[in-house]
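> Right, I'll just put the structure down here and ask away after.
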Amino acid sequence: AIKNTSPYLIYIDLETGIVNLPLWEEVIIPQKQFFQEVAQGEKEAEEVFGLFFNGFYLAHELGHSFSHLIGKIFDNAYDSEYDANVIGILYWKERDMKNVERCYVYAKKMLSKLSNPVPQNEDYKKYITEHYEELSSDPYKYGYIQFSQFVEIYENKNLGNFETYIKN
């Protein structure tokens, strides 16, 4: 991992395996305002950012790398993100349950401030795949997708543990 704050926040270069980690102090003002709005406060915004973008999403990005290295292919962008979120959540549930629980509470809180960006009667996964660039460049839209996946996966009691998931 390297420190590299960009508008994409955290991401992995699958060719090099390098995860680009952002720092709160370097995040652009519109993104800070987004976090302050959805986390409902300045202190909360910085905490949410740290928990997710300097914690949870590191395992998420490494999940993308793991799937890439074993040749796992996804039919759509939604499933790729979902898989990385499963890996991230299962990893952190075994290593730092207190902070993953805090992420869950914040994800639910932030979802109350966000709207589903996928129009009614659209195929959810297809829409996200076809509009991925647009959605991922808007924190309100992409935030809804990521945080709703986080909540769904966190609440799923049928996923097993990290080691079993990775082996399968």
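> Please report, ordered by residue number, the helices (runs of 4 or more DSSP H) entirely within segment 79-163 with at least 2 residues that are farther than 22 Å from Val48 by Cα.
Numbers: elements: 97-111, 124-130, 132-136, 139-155.
Hits in segment 79-163: 124-130, 132-136.
> Among residues belonging to segment 58-110 that are under 13 Å from the mean Cα position of the chain (by Cα) and of a type in the set (S, T, N, Q), point out the one that is surrounded by the fewest Cβ atoms within 10 Å (Cβ to Cβ).
Ser80
> Condition first: over 22 Å from Arg95 (Cα atoms), in contact (Cβ under 8 Å) with a residue 12 or more places away in the chain and surrounded by 13 or more Cβ atoms within 10 Å (Cβ to Cβ). Can you find one or more residues in segment 47-55 that meet it? Give the steps one after another, and end with the answer.
Step one: list which residues in segment 47-55 are over 22 Å from Arg95 (Cα atoms), which gives none.
No, that holds for no residue.
> Moving to a separate point now. List pairs: first in segment 150-168 and in contact (Cβ under 8 Å) with a residue 12 or more places away in the chain and among the polar types (S, T, N, Q), second assigned to a helix (DSSP H, G or I) and open to solvent by 90 Å² or more (accessible area, probe 1.4 Å), Cβ under 8 Å, 6+ apart or cross-chain?
Asn161/Glu94
> Residues of segment 133-149 being open to solvent by less than 60 Å² (accessible area, probe 1.4 Å) and touching a helix residue (DSSP H, G or I) at 6+ places or on another chain (Cβ under 8 Å), which ones? Spell out how you get there, then give the answer.
As a first pass, look at segment 133-149 and keep what is open to solvent by less than 60 Å² (accessible area, probe 1.4 Å): 135-136, 138-139, 142-149.
Within segment 133-149, Leu135, Ser136, Pro139, Tyr142, Gly143, Tyr144, Ile145, Gln146, Phe147, Ser148, Gln149 qualify.
> Let me ask another. Within segment 69-104, track down each residue that is in contact with a Gly (Cβ under 9 Å, 6 or more places away or on another chain) and among the hydroxyl-bearing types (Ser, Thr, Tyr).
At the first step, the residues of segment 69-104 found to be in contact with a Gly (Cβ under 9 Å, 6 or more places away or on another chain) are 69, 83-88, 90-92, 96, 99-100, 103.
Hit for segment 69-104 is Tyr91, nothing else.
> Another question, if that's okay. Could you list, in sequence order, the residues of segment 111-129 that are open to solvent by 60 Å² or more (accessible area, probe 1.4 Å) and either in contact with a strand residue (DSSP E or B) (Cβ under 9 Å, 6 or more places away or on another chain) or in contact (Cβ under 8 Å) with a residue 12 or more places away in the chain (or both)?
Answer for segment 111-129, where residues must be open to solvent by 60 Å² or more (accessible area, probe 1.4 Å) and either in contact with a strand residue (DSSP E or B) (Cβ under 9 Å, 6 or more places away or on another chain) or in contact (Cβ under 8 Å) with a residue 12 or more places away in the chain (or both): Lys113, Ser115, Asn116, Tyr124, Lys125, Lys126.
> Does Val19 qualify as being within 19 Å of Ile89 (Cβ to Cβ), modelled with pLDDT under 95, open to solvent by less than 10 Å² (accessible area, probe 1.4 Å) and among the β-branched types (Val, Ile, Thr)?
Details: within 19 Å of Ile89 (Cβ to Cβ): yes; modelled with pLDDT under 95: yes; open to solvent by less than 10 Å² (accessible area, probe 1.4 Å): yes; among the β-branched types (Val, Ile, Thr): yes.
Yes; evaluated as a whole, the condition is true for this residue.
The values are calculated or read from the model by the stated rules, or taken from the named source; none is laboratory data. Being a predicted model, the structure only gives us computed values, none of them experimental. Neighbour counts are summed over all protein chains in view; Cβ atoms, including those assigned to glycine, are modelled from backbone coordinates with ideal geometry. Surface areas here come from the heavy atoms of the whole protein model, side chains and all, with no ligands, DNA or RNA. Shrake-Rupley method; radii C 1.70, N 1.55, O 1.52, S 1.80 Å.
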